[in-house]
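Read the figures in this text as sums done on the coordinates, not as results from a lab. What you see is a predicted model, and the numbers here were worked out from it, not measured in a lab. Here the Cβ positions follow ideal geometry from the backbone for every residue, glycine too, while neighbour counts run over all protein chains shown.
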Amino acid sequence: MVTGFSPVADPGRPLRVVQVGAGAMGLAWLRTLTADPGVELVGVADLDVDRARAAVRSVDGCAAEVAASLGELLAATAPDAVVNVTVPAAHGAVTMEALFAGVPVLCEKPAAPTLAEALAQAAASEATGRLLMISQSRRYFAALAAYRARIARLGPPGLLTTGFFRGPRFGGFREEMAQPLLVDMAIHAFDAARYLLGSEPVSVVCESWNPAWSWYRGDASATATFLFERDARYVFTGSWCADGQETSWNGEWRAVAAGGTATWDGERRVASSAEGAADVPPGAHEQIAGALLEFTGALRTGVTPSGSIHDNVGSLAMVAAAVRSAESGGARVTIGALLDQAYEEALGLPVREEVRAALASWDDPATALATARKR
Ligand SMILES: NC(=O)c1ccc[n+]([C@@H]2O[C@H](COP(=O)([O-])OP(=O)(O)OC[C@H]3O[C@@H](n4cnc5c(N)ncnc54)[C@H](O)[C@@H]3O)[C@@H](O)[C@H]2O)c1
């Protein structure tokens, strides 16, 4: 199994980047890529080429070429990297095309609609020797890093909780999804829980429901209790139809350990019984700018980023396990068993022979992912 990846040949010059997808999040990426002196945005592709053109025109100083597909821009611009901001259903095809053209990829979350497809992407990264990183943007807050350090000084937590309560009116696809909160939002909190605990989830019991006043078709509320390694529990309770007294978009957090308790309000304030309260100033590179910095740094140094596909699958697995538990009426779902099942599904996907061979070289998915993961 290949776990390393090739850094770019000339790390000193700005990285030539093509962005695919110019929708709502695409605009945020366009601004972030254009503002980064370490990057030269050379192309923007969108199936709706007028949307790509309008997006490029809307950002001062952006002179990127525009096309309807990644393929056209790969040939025309010879990029060092691709940023994939398409809809989740298109992530796999765009990412595979870039990787097999020899180009590393930074892809928006979620890596893929299913765990099996995400495993195939991890195998494609191995088969091509090219980095695939997932931008899980809520990992990049200075306050989250400070909170992690405080927790570490209290000793391993036995309990970590997130309360997430907001009432956004998105309209569109989120209001039609079966599990809007768990699938579209909770992955951020689940990913942060793995980061804060520094360990992996073992199993989950989850209940989801839709309150009578909800404006969503699917379940806008959920409570999930995860068992983590070292006997820690992580409890997520959230609602997307909770008007008033809203929490931060990061949720509010509490960790309980032998050395005391630490809290984070999801914004700037961290507090602990050992060290009191403090407001953490914003970092220079937060959210997608933080993901971009880690990605470009990895391409220059060859150091595996924390958001590599092999690591991020752990957060996607938490979502898949919580949904499986909720849909089976609250049965305990074991993450290892879910990964094994996804691995069998991945072997049956219509993928390139190189991807199937890389998958087949794994002893088992949990070990393959853990071996490649950065800690
Ligand atoms: N990190 C965050 O906080 C955050 C927030 C919002 C969205 N997102 C993620 O960003 C991604 C994009 O979301 P969005 O809200 O911008 O969606 P969107 O629907 O507004 O835009 C997606 C764009 O991708 C284009 N597209 C689809 N398939 C394509 C393909 N094969 N080739 C080229 N273009 C293609 C579409 O034409 C569309 O313009 C999603 O994965 C979403 O989950 C992340």
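Along the charge dipole of region 23-150, which of 93, 33, 79 sits closest to the positive end, that is, farthest toward it, with unit charges on the beta carbon of Lys, Arg, Asp and Glu (+1, +1, -1, -1)?
33
At a threshold of 8 angstrom on Cα-Cα distance, excluding pairs fewer than six apart, so keeping six or more, what relative contact order does region 74-130 reach in percent?
Details: 64 pairs, mean separation 21.1, N = 57.
Relative contact order comes out at 37 percent.
Limiting things to C-alpha atoms, what are the Rg and the maximum Cα-Cα separation (Dmax) for region 208-352, in angstroms?
Radius of gyration, then largest Cα-Cα span, for region 208-352: 19.0, 55 Å.
Using a 7 Å offset from the Cα along the Cα-to-Cβ direction at both residue 361 and residue 69, what is the distance between the two label points in nm, to one decimal?
A separation of 3.0 nm, rounded to one decimal place.
Just want the ordering: 177, 318, from fewest to most Cβ atoms lying within 10 Å of their own Cβ. Let's see the in-between values first.
Details: 177 17, 318 28.
Least to most surrounded, the residues fall as 177, 318.
Most exposed first by the Cβ proxy, i.e. fewest other Cβ within 10 Å, how do 308, 315, 58 rank? Write down the numbers at each step before the final one.
Working: 308 24, 315 28, 58 12.
Neighbour counts put them in this order, fewest first: 58, 308, 315.
Just order 330-338, 42-50 by mean Cβ neighbour count inside 10 Å, highest at the front, would you?
Values: 330-338: 16.2, 42-50: 19.7.
The packing order, highest mean first, is 42-50, 330-338.
So how strong a dipole does region 141-279 carry about its Cα centre when Lys and Arg Cβ are +1 and Asp and Glu Cβ are -1, to the nearest 20 debye?
Values: 13 positive and 16 negative charges, 62 e Å.
Value, rounded to 20: 300 debye.
Looking at the chain, what % of the alpha carbon pairs are farther apart than 31 Å?
Numbers: 25103 of 70125 pairs.
More than 31 Å apart: 36 percent of the Cα pairs in the chain.
Over all distinct alpha-carbon pairs, what is the Kirkwood Rh of region 58-152 in angstrom?
Values: mean 1/r = 0.0669 Å⁻¹.
Value: 15.0 Å, from the Cα pair sum.
Can you tell me what the convex hull of the Cα atoms of region 281-339 projects to on average, as an area in nm²? Let's see the in-between values first.
Values: hull surface 24.2 nm².
For the Cα atoms of region 281-339, the hull's average projected area reads 6.1 nm².
May I ask you to work out the translational diffusion coefficient for region 228-288 at 4 °C, viscosity 1.567 mPa s, via Stokes-Einstein with Rh from the Kirkwood sum over Cα pairs, reported in whole µm²/s? It would help to have the intermediate numbers written out before the result.
Working: Rh = 13.8 Å.
For these conditions, the coefficient is 94 µm²/s.
Rounded to whole Å and sorted largest first, what semi-axes of the equivalent ellipsoid does the C-alpha gyration tensor of region 120-160 yield via the square root of 5 times each eigenvalue? Working shown, then result.
Values: eigenvalues 205, 36, 15 Å².
Over the Cα atoms of region 120-160, the ellipsoid semi-axes are 32, 13, 9 Å.
When ranked by the protection proxy of mean other Cβ atoms within 10 Å per residue, highest first, what sequence do the peptides 164-176, 233-245, 125-137, 20-32 form?
On the way: 164-176: 14.5, 233-245: 17.8, 125-137: 24.8, 20-32: 20.7.
For the peptides 164-176, 233-245, 125-137, 20-32, the packing ranking is 125-137, 20-32, 233-245, 164-176.
Expressed as an acute angle from 0 to 90° and rounded to the nearest 10, what is the orientation of the C-alpha long axis of helix 49-58 relative to the principal long axis of the chain?
Orientation of helix 49-58: about 80 degrees from the principal axis.
Mind giving me the nanometre distance, one decimal, between the label points for residue 93 and residue 24, set 7 Å out from Cα along Cα→Cβ?
With each label point 7 Å from Cα toward Cβ, the separation is 2.2 nm.
Please arrange 310, 285, 188 by counting, for each residue, the other beta carbons lying within 10 Å of its beta carbon, fewest first. Display every interim value, and only then the final one.
Working: 310 27, 285 16, 188 20.
Listed from fewest to most nearby Cβ atoms, that is 285, 188, 310.
Please turn the phi angles of region 37-42 into ³J(HN,Hα) values with the Karplus equation 6.51 cos²θ - 1.76 cosθ + 1.60 (θ = phi - 60°), one per residue in order, whole Hz, x for glycine and proline.
x, x, 10, 10, 7, 9
Averaged over all directions, how much area does the convex hull of the C-alpha atoms of region 48-206 cover when projected, in nm²?
Values: hull surface 50.7 nm².
Over every viewing direction, the Cα hull of region 48-206 projects on average to 12.7 nm².
Mind checking the log10 I(q)/I(0) for region 1-97 at q = 0.15 Å⁻¹? Debye, one equal scatterer per Cα, no solvent, two decimals.
With no solvent term, the Cα-only Debye profile gives -0.56.
Each label point is 7 Å from the Cα along the Cα-to-Cβ direction; what then is the distance between the points at residue 285 and residue 76, in nm?
For residue 285 paired with residue 76, the spin-label model returns 2.9 nm.
Stick to Cα atoms and the Kirkwood definition of Rh, then tell me Rg/Rh for region 141-279.
Numbers: Rg = 15.4 Å, Rh = 15.5 Å.
Radius of gyration over Kirkwood radius for region 141-279 works out to 0.99.
Do you know the relative contact order of region 141-279, to the nearest whole percent, from alpha carbon pairs under 8 angstrom that are 6+ apart? Please report the intermediate quantities before stating the final value.
On the way: 295 pairs, mean separation 48.6, N = 139.
It comes to 35 percent, rounded to a whole number.
Work out, step by step, the length gained on full extension between residue 341 and residue 145: first 0.36 nm times the residue separation, then minus their alpha carbon distance; give nm to one decimal. Could you put the intermediate results ahead of the total?
Numbers: separation 196, 0.36 × 196 = 70.56 nm, distance 3.37 nm.
Value of the extension gain: 67.2 nm.
Taking H placed 1.01 Å from N in the peptide plane, check which residues at least 5 places from residue 349 or on another chain put their amide H under 5 Å from its amide H.
HN-HN under 5 Å from residue 349: empty list.
Quote the relative contact order of the chain in percent (integer), defining contacts as alpha-carbon pairs under 8 Å separated by 6+ residues. Walk me through the intermediate numbers first.
Details: 793 pairs, mean separation 73.6, N = 375.
So the answer I get is 20 percent.
Read phi for every residue in region 351-368 and hand back ³J(HN,Hα) as whole Hz from Karplus 6.51 cos²θ - 1.76 cosθ + 1.60, θ = phi - 60°, with x for Gly and Pro.
For region 351-368, the Karplus curve yields 10, 4, 4, 4, 6, 4, 5, 5, 4, 5, 7, 6, 5, 7, x, 4, 5, 4 Hz.
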